[in-house]
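**Q** Just passing along the structure, written as structure tokens.
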Amino acid sequence: MSGWQFSFEDGHKPPVLGLDWTPIDTVVQRLALLQVQARGTGEVTAELQSCVAQLERLIVLALERGASLGQLGERTRVSQQDLARVRDTGRLYER
């Protein structure tokens, strides 16, 4: 068995073992609530901006630990294009 390599033709990496998804799940839930509030008021608060920055950091950390864009997309509901931007620039969008 040694020397075997697995190839995933669809571009997905094998499941990330040992990655704690709780911080990402928590930030995604908080972000969803803050976005609903922002839609009601039309105001982008510092708390919302901080939450987005926290999600960006968590995405980068997950990618560094071997998570795929597909896995992160399922967890965060962020498009793969936006996740690729975070991977490449560290930002979901230009500020």
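**Q** Note down all Cβ pairs under 8 Å where the first residue falls in the range 38-63 and is free of Cβ contacts under 8 Å to residues at least 24 places away in the same chain, the second is buried (at least 16 other Cβ atoms within 10 Å of the Cβ), and they're at least six residues apart or on different chains.
**A** Matching pairs, first to second residue: A38/L48; T45/L34; E47/L34; L48/L31; L48/L34.
**Q** Looking only at residues in the range 24-59 that are outside any helix (DSSP H, G or I) and of a type outside the set (S, T, Y), which one is nearest to A84 (Cα to Cα)? Steps first, answer last, please.
**A** Filtering the range 24-59 down to residues outside any helix (DSSP H, G or I) leaves 42-45.
Filter again for of a type outside the set (S, T, Y), leaving 42-44.
Values: G42: 28, E43: 27, V44: 24 Å.
Here the answer is V44.
**Q** Of all residues in the range 72-95, which are open to solvent by 40 Å² or more (accessible area, probe 1.4 Å) and modelled with pLDDT of 90 or more?
**A** E74, R75, R77, S79, Q80, Q81, D82, R85, R87, D88, T89, R91
**Q** A further question on this structure: Return the only residue of T45, T41, T26 being surrounded by 12 or more Cβ atoms within 10 Å (Cβ to Cβ) and out of contact with any helix residue (DSSP H, G or I) (no Cβ under 9 Å at 6 or more places or on another chain).
**A** The match here is T26.
The values are calculated or read from the model by the stated rules, or taken from the named source; none is laboratory data. As the structure is a prediction and not an experimental result, all values here were calculated from the model. A quick note on method: Cβ atoms are made from the backbone with ideal geometry, for glycine too, and the neighbour counts reach across all protein chains shown. Heads up: the accessible areas ignore ligands, DNA and RNA and are worked out on the full protein's heavy atoms, side chains in. Shrake-Rupley method; radii C 1.70, N 1.55, O 1.52, S 1.80 Å.
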